[in-house]
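Heads up: the structure comes next, in structure tokens.
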Amino acid sequence: MADMEKSVLPSGWGQCSLADVAQLQNGFAFKSGDYVEWGHFLIRIGNVQDDGIDLSKPAYVDLADVKAKKFELNEGDILMSLTGNIGRVAVIKKEHLPAALNQRVARISPKHGDSLNREFLIHLLRSPAFFDQLTAAAKGAAQQNISGKDVLAAVISLPPLAEQTRIANKLDELLAQVDTIKARVDAIPDILKRFRQSVLAAAVSGKLTGSDYSKWINSKLGDVVEIDIGHAFKSKEFVSEGVPLLRGQNIEPGALRWLDTKCYPDAKLREFRHLFIEEGDIILAMDRPIVSAGLKLARARATDLPCVLVQRVARFKSFDAITPNYLYLVLQDISFSNYLVPNQTGSDIPHISGKQILGYEIAYPSLTEQKEIVHQATGLLQICSQLELAVEEARSKVEEMTQSILAKAFRGELVTQSTDDEAASVFLKRTGTKKTTTEE
């Protein structure tokens, strides 16, 4: 592997492979048949996240077998993922115990307490330069994999032990501040989500404009609009180039996404011209209409065209007494999602029918008032969208800040060097490390 840093090492630092100062244990290949209702929490790849151990979707094993005992985890153990999102580092805490180490997860620890500080090791494994080496060594296209040997072969720049402690302490201090900033930024989307829903609720109840709600007309959705439901195009006739098919998978809350696009020959679509989507059309997924991010409802943009409607996807049309823009507000209001939930059918894939969609009860004012409601609500929702984009940018900046601090630390720029510190070359030689380059 390439060196962590090509530049000249700071005074007193040395360079070696991770294997010279650390040891690694691979997990055991527990089988799903070994799982029990309660026992040792099995730490699998998905449980190892950069922000700690994910406790969701737990599996448990019984470590009564003596051979499996060596895979029992302890408080403070440092773990790394070796498959998929490689290089994620997490630390076992008391609340995770009892726990066991599964395959494709590695436990890494210092070989010698007088050459490698444990807290320094945690930060080192999370540093950009170390991760770059793992990425370079990874194999597999669809799913990346690294071996324990790949991890141990990484070349590291090692400061004196006393400086390692100073670096680790400084990183703990700075990264705690970054975590505080991150927590504040991460709290904003929920605030914006509540604000967005309050705007929508006010819009469809007349409160946003001070409209007299008692004069609004109440009716079922089917009394004022119609829907088109797409055609069941045969998958054997799909082609790589043609007209994109608008399927439920292409609908996300607020936008159409074309990451997994299926196409149909244009020549075979002559009888389906009525199912071609137009700019501004309101589209609703009928299979699994509600996901964690919200309702799979969107409006078609010019960049989404051409595309054609597929079965189990609804397009609203033939507006009478309400405008498309007002309807879009009505459907985004949480009341519509709350109506859909108990009316869904199917256990594996929840489904909503066209009849159920059109059975939703709505209230609407005059067309003039609808226009004013849409104008005011759109302005507020646009501000909300702008703030959401700013939050994403802030999150990116926070991540850059973390990586910048780590990079600076492992270039020797975070704390001062001291001539009183025992040089890395000394303790590396004492521990028997042969392949070492140092500059003192």
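Computed values, structure above
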item: Per-region count, the range 223-267, residues farther than 16 Å from L295 by Cβ and either of a type outside the set (K, R) or touching a residue at least 60 places away in the same chain (Cβ under 8 Å) (or both); result: 31
item: Positions within the range 267-322 being among the small types (G, A, S), crowded, with 18+ Cβ neighbours inside 10 Å and under 26 Å from the mean Cα position of the chain (by Cα), in sequence order; result: A285, A298, A300
item: Failed item in (1) among the hydrophobic types (A, V, I, L, M, F, W, C); (2) more than 31 Å from the chain's Cα centre (by Cα); (3) farther than 29 Å from I373 by Cβ, with I227 passing the rest; result: (3)
item: Residues of the range 114-126 satisfying the condition of being surrounded by 22 or more Cβ atoms within 10 Å (Cβ to Cβ) and either of a type in the set (S, T, Y) or closer than 24 Å to E399 by Cβ (or both); result: S115, F120, H123, L124, L125
item: Hits in the range 110-124 (condition: within 14 Å of I167 (Cα to Cα) and either among the acidic types (D, E) or without any contact (Cβ under 8 Å) to a residue 60 or more places away in the chain (or both)); result: N117, R118, E119, F120, I122
item: Residue within the range 98-113 that is under 24 Å from S147 (Cβ atoms) and surrounded by fewer than 15 Cβ atoms within 10 Å (Cβ to Cβ) present; result: no
item: Contacts under 8 angstrom Cβ, first residue in the range 353-364 being farther than 16 Å from R288 by Cα, partner loosely packed, with under 15 Cβ neighbours inside 10 Å and among the aromatic types (F, W, Y), 6 or more apart; result: A363/Y213
item: Count - residues of the range 153-212 that are within 30 Å of A293 (Cβ to Cβ) and among the acidic types (D, E); result: 3
item: All positions within the range 66-89 that are in contact with a helix residue (DSSP H, G or I) (Cβ under 8 Å, 6 or more places away or on another chain) and either among the aliphatic types (A, V, I, L, M) or crowded, with 19+ Cβ neighbours inside 10 Å (or both); result: L73, I78, M80, S81, L82, I86, G87, V89
item: Every pair of residues 6+ apart whose Cβ atoms lie under 7 Å, when the first sits in the range 331-346 and is in a helix (DSSP H, G or I) while the second is among the polar types (S, T, N, Q); result: I334/Q197; N343/Q356
item: Residue identified as surrounded by 10 or more Cβ atoms within 10 Å (Cβ to Cβ), in the same structural domain as K149 (by TED's automatic domain parsing), under 26 Å from V89 (Cβ atoms) and touching a residue at least 60 places away in the same chain (Cβ under 8 Å) among L63, L42, L55; result: L42
item: Test: residue in the range 352-361 that is aromatic (F, W, Y), in the same structural domain as G294 (by TED's automatic domain parsing) and assigned to a loop (DSSP other than H, G, I, E, B); result: yes
item: Count of residues meeting criterion [free of Cβ contacts under 8 Å to residues at least 12 places away in the same chain and either surrounded by 15 or more Cβ atoms within 10 Å (Cβ to Cβ) or not aliphatic (A, V, I, L, M) (or both)] in the range 367-401; result: 12
item: In the range 209-224, the residues that are loosely packed, with under 14 Cβ neighbours inside 10 Å and of a type outside the set (S, T, N, Q); result: G210, D212, Y213, K215, I217, K220
item: Looking only at the range 193-208, and only at residues there that are surrounded by fewer than 17 Cβ atoms within 10 Å (Cβ to Cβ) and part of a helix (DSSP H, G or I), the one that is farthest from the chain's Cα centre (by Cα); result: A201
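The values are calculated or read from the model by the stated rules, or taken from the named source; none is laboratory data. The structure displayed is predicted, hence computed values, not measured ones. Because the Cβ atoms are built from the backbone with ideal geometry, glycine has one as well, and the counts that use them run over all protein chains shown.
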